[in-house]
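To start, the structure itself, in structure tokens.
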Amino acid sequence: MDLLVIAIPMKSLPSLPKDLLSELPASSPIKDTGNYYPLRDGVIPEIERGMIESEWTSHVLGRPVIKVFHNIVADSLLRRALPKGAKGRIALPVSGDDLKSKQLVMTLLDTIGFDAIDGGLLSDSWCYQPGTPAYCPDPTIDQLPILLRRAKRDKAPANRDQAAKIMAKLPPDFSPQELVRVARLSAGLDTFKPRSWLAALRLGFVALRAA
């Protein structure tokens, strides 16, 4: 199965070679893993006016895309794959308008060690963009639908921008899994795990310095 993974800052998408997709069959899935961070990407007017991030990506590329992998940190993607049925297996949503491409990507997720749920159309993918509960908490397949339902589209941009300011101030020894613990705690998961509270406390000190 041919496929293309887009994993670059969104500000760089318009600069991609015009012939990038010329040899990719129309039936091949294009996986969009990007996130819009204005502090990094600059202001993208269409997104600021309400266009869904991956719909903008699809518009720029001129091809349908499947939204996946953007709401998991690279460390978890590299190290936390588990066999099907294993306790604590991470679940990821997959959104797109082409059902066949979406199913192919969901099968690929299962093959590499992650559960997948159908996240709906591409227009529904805002539910796990930065600033929402489903962004990077490594949920299980039982937890993920609950987090998606709790997403507040009007509040996500402010949450995203505040998180980006804090991230820019993180010390080198603040590990990716500490960020996941904070994300889980913020999403209402792991409320009784001391390590999550310690990670949140440490992040709080960083936030004070970033204010």
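Data table
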item: Out of SER54, SER27, SER95, SER76, sole residue that is open to solvent by 10 Å² or more (accessible area, probe 1.4 Å) and hydroxyl-bearing (Ser, Thr, Tyr); result: SER27
item: Meets criteria (aliphatic (A, V, I, L, M), open to solvent by less than 20 Å² (accessible area, probe 1.4 Å) and touching a Ser or Thr at 6+ places or on another chain (Cβ under 9 Å)) for ALA151; result: yes
item: Scan of the stretch 134-148 for residues that are open to solvent by 50 Å² or more (accessible area, probe 1.4 Å) and among the β-branched types (Val, Ile, Thr), ordered by number; result: ILE141, ILE146
item: Count of residues meeting criterion [closer than 22 Å to PRO145 by Cα, in a loop (DSSP other than H, G, I, E, B) and open to solvent by 40 Å² or more (accessible area, probe 1.4 Å)] in the stretch 169-192; result: 3
item: Among (1) touching a strand residue (DSSP E or B) at 6+ places or on another chain (Cβ under 9 Å); (2) open to solvent by less than 40 Å² (accessible area, probe 1.4 Å); (3) of a type outside the set (A, V, I, L, M, F, W, C), the one test that PRO64 misses; result: (2)
item: Filter result for GLY120 (outside any helix (DSSP H, G or I) and open to solvent by 30 Å² or more (accessible area, probe 1.4 Å)); result: no
item: In the stretch 193-211, residue surrounded by the most Cβ atoms within 10 Å (Cβ to Cβ) [restricted to those that are basic (Lys, Arg) and in contact (Cβ under 8 Å) with a residue 24 or more places away in the chain]; result: ARG202
item: Residue list for the stretch 143-168, filter: part of a loop (DSSP other than H, G, I, E, B) and either among the basic types (Lys, Arg) or touching a strand residue (DSSP E or B) at 6+ places or on another chain (Cβ under 8 Å) (or both); result: GLN143, ARG150, LYS152, ARG153, LYS155
item: Members of the stretch 12-24 that are at pLDDT 90 or above and surrounded by 16 or more Cβ atoms within 10 Å (Cβ to Cβ); result: LEU13
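The values are calculated or read from the model by the stated rules, or taken from the named source; none is laboratory data. Since the structure is predicted, the reported quantities are computational estimates derived from the model, not experimental observations. Don't worry about glycine lacking a Cβ; one is built from the backbone with ideal geometry, like all the others, and counts go over all protein chains shown. What goes into the accessible areas is simple: the full protein's heavy atoms, side chains included, and nothing from ligands, DNA or RNA. Shrake-Rupley method; radii C 1.70, N 1.55, O 1.52, S 1.80 Å.
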